[in-house]
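Notes for the one structure printed next.
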């Protein structure tokens, strides 16, 4: 076990022990209560696929699944995930087989710089779970909480449409 | 995968790592002993620093050191300007302010701590005592008598006065038949908002005295050069790495204060340091774009002939000169004021003005969107004034198609294009006649429907170095490439430009594959590491393929020439009769005499049987400096519907016909066009940076700024014409910025068209619901007043 916050001899930092199952593996760590789940994943577990694109819970780049639901992991404290199951972008593919959404993003050129992509894919996965056959309008509304600055969203919409088709 | 061809939509080789969370961006760099930086930034638009108390911060948990601007004044030097203009005022630009802060977010101190949380905690403990000064944020107001002054070097806050033109506008409008239409056009300030903010990791090698900067940049080689010039750090001891970069759009095209500070602080504390910009920080500390206030005139005759355009522009520079700031509102704007039209008389004056705002520099399109918006808005405005169809007026004034150079009024030489061809194709896809009928019907039903046309041409593929240098460039603008074919026939390619979403790894490999017949999976494209690859100027101005791709193409021709000679020698055949296709050399008419390029590469390294005088190995380098810029052009058509009761504008249809010259990977080019158009629509309908008069930024988050989300756009309909560019050997023009350039005038022309029957003639961007609703109410009120006046007159 290791503490998240190193100190420089100026006094210890309070920490709480939590156990979180991430992509099927249980991790027990001592963390500061204020540590965000996004930083727990990135900095404690070294799962850097979850990206942080803002500090106001607006961009959606940090979206992961918490007990099966899409959440912005910058808006959840790590301690709130104690005992929970978390899936990140790293846990989506089955070995070398991409999920339909991942494959759709590749086939339809649904990404350019790739920074919003992990969050966008995790949101899309949750969208298709709720609505396996969404219309274009429903897709656009479903991803309106995730910003992308490169694609104009067109090929993201196409990618999600392709994933829905593949899922039938 | 297999051998790729030019013009094929090859799926991106970058994507497998990016869709699985295995990309490596700056924030993913972890080094042993790495400390974290956080900046203390000005909370005022303009203030003198009376004192900075850092003792509480120094004693906070985890804090290693705190440096103020005064502490590091000598080591940090001043940030450079990379583009000169005659009489340009260059006030000092310290990376950390030490006497005066001149914009909200100007950094005054930096914290070094064990963790990012601790560094940010300590920021709150630094007490800065400010003497608040009057501020000015508006580029025109700042030049007036009595306005607050930012720099003693720049009286009246004027950084430069610049002009360009051609013909004689003043003389031409003396003709009594000429109608002059005037409009004040504001091109609002934008904030680029790449999804990955900026960030830097500085790794100081205590033993060797070397510094490595991992930085989210579009220009690793220039960051290295400029960092070395600014700090005096020997260039051979500076390495800059741009890892995966999460978007840039121009905003990562400069040497930034934080890059310099991180390098110097790493040396001070003898530990690697990381700084990751928060989004809130990005809103004030990363360069903004646009911000023009312009008095424009267009002059023409009743029959639709346009005789000229006049522009008097206040270009807001922000508080300091960012690296390329002087270039953007001058050459990249003024030279484009003829658009795709004959435009025989052009008179353009530009005043670059310092204000208490974040520095302004290139943002996607950089000067060209401002020019295209102005020209296209004014052409439509003129058509409305003389009561003619905007398409008729455009067609009447368009340049004829040309294939190899056409000099225009501003003195530049457009390379190739079929401007009417673009317009015709767009109209064909769109069905303009049908739309006008639908529009009349919609108006009868009380619906507001409008169509906007925008044509454009843009200057990119930068640049002929000698031309750029004569205009003020501080660096050559060529590109280079290195093609190394290994003994096994696989290849490593080094390029000088590096991507931030454009897919260089795919397109450059595709070019190699199509030329050499090597399967695409056997080709590795390296970029972005100054110790590893070729020098290059960077990725901006839609130049990577037009300049860097051309450099690569030339290296590939050298590889082909050498392997052809070697293969002929090995096949014991006259080179005249040795053909090369799909990676195989063959002797004409002799079926079994063949060698693959992989076999020839092996022989080049085995060196057992080389022709006389041939050196062993198979590696070629080329530098390419174009003779002219490349000039993409096109026609975009947009349809909007406006909700009467709310003023909400919805883009219903968007058609784009672009001439990007030859297209290497259509899928990638289409994707860039989508993104560009979306940014243009964003400017037209929602985005704007808003400052209070005292320099506070009101639009300081993604939602306050109104960054467009997916529900704002229709499916765009794209098509192309192809006029290969004579400026480079592969005939490409560049596609990164076109969409942004064409989209904002197309949308705004549509908005005004939807309201034209109410008497609306112009509206500044963004066409928010409130602004449109007010315009509708004002127009209706004016109509009521006019009717009342008419009744009274009876």
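Approximating the spin labels as points 7 Å out from Cα along Cα→Cβ, the residue B:644-to-residue B:269 distance works out to 6.3 nm.
Provide the percentage of antiparallel DSSP beta bridges, counting only those with both residues in the protein assembly as shown; round to the nearest 5. Close to 80 percent.
Label-to-label distance, residue B:758 versus residue B:131, with points set 7 angstrom from Cα along the beta-carbon direction: 5.2 nm. With both bridge residues required to lie in the range A:2-91, what share of the DSSP beta bridges run antiparallel, to the nearest 5%? DSSP beta bridges in the range A:2-91 are roughly 80 percent antiparallel. In degrees between 0 and 90, to the nearest 10, how far off the longest principal axis of chain A does helix A:154-166 point, with axes built from Cα atoms? It works out to around 80 degrees. Here the residues B:787, B:198, ranked from fewest to most Cβ neighbours within 10 Å of their Cβ, fall in the order B:787, B:198. Shown for B:646, B:330: other C-beta atoms within 10 Å of each C-beta, ranked fewest to most, produce the order B:646, B:330. Note: the protein assembly as shown, Cα convex hull, 194 Å³ per residue.
Between the helical axis of A:117-130 and the longest alpha-carbon principal axis of chain A there is an angle of about 70 degrees.
When each of the peptides B:299-305, B:143-149, B:173-179, A:115-121 is scored by how many other beta carbons lie within 10 Å of its residues on average, the order from highest to lowest is A:115-121, B:299-305, B:143-149, B:173-179. The Cα atoms of chain B give a gyration tensor whose axes a ≥ b ≥ c have a/c of 1.5 or more with a/b no greater than b/c, which makes the shape oblate. Between the range B:496-551 and the range B:260-339, the C-alpha centres lie 27 angstrom from each other. Take each residue in B:238-247, count the other chain C-beta atoms within 10 Å of its C-beta, and the mean is 3. Taking the helices alone, the protein assembly as shown has a mean residue ellipticity at 222 nm of -8500 deg cm²/dmol, built from -39,500 (n - 2.57) per DSSP H run of at least 4 residues and averaged over all its residues. Summary of the geometry: the range B:638-713 and the range B:169-233, compared by the centres of their Cα atoms, lie 21 Å apart. Cα centroids of the range B:453-493 and the range B:350-371: how far apart, whole angstrom? Using only Cα atoms to place each centre, the spacing works out to 24 Å. Neighbouring Cβ atoms from other chains, within 10 Å of the Cβ of residues in B:19-32, number 6 on average. Sorting B:565, B:12 by the number of Cβ atoms found within 10 Å of their own Cβ, with the fewest placed first, yields B:565, B:12. Distance between the modelled labels on residue B:577 and residue B:791, one decimal in nanometres: 9.9 nm (7 Å Cα→Cβ projection).
Shape class for the range B:174-256, computed from the alpha carbon gyration tensor (a ≥ b ≥ c): prolate, with a/c not under 1.5 and a/b above b/c. Of all DSSP bridge pairs formed entirely within the range B:478-624, close to 85 percent run antiparallel. Counting Cβ atoms of other protein chains within 10 Å of each residue's Cβ and taking the mean over peptide B:668-681 gives 4.
If R0 is taken as 30 Å, the Cβ-Cβ distance between residue B:3 and residue B:186 corresponds to a FRET efficiency of 0.05.
Bear in mind that the values in this text are calculations on the coordinates, not laboratory data. Values in this document were obtained by computation on a predicted structure and should not be read as measured data. No Cβ is skipped: glycine too gets one built from the backbone with ideal geometry, and neighbour counts run over all protein chains shown.
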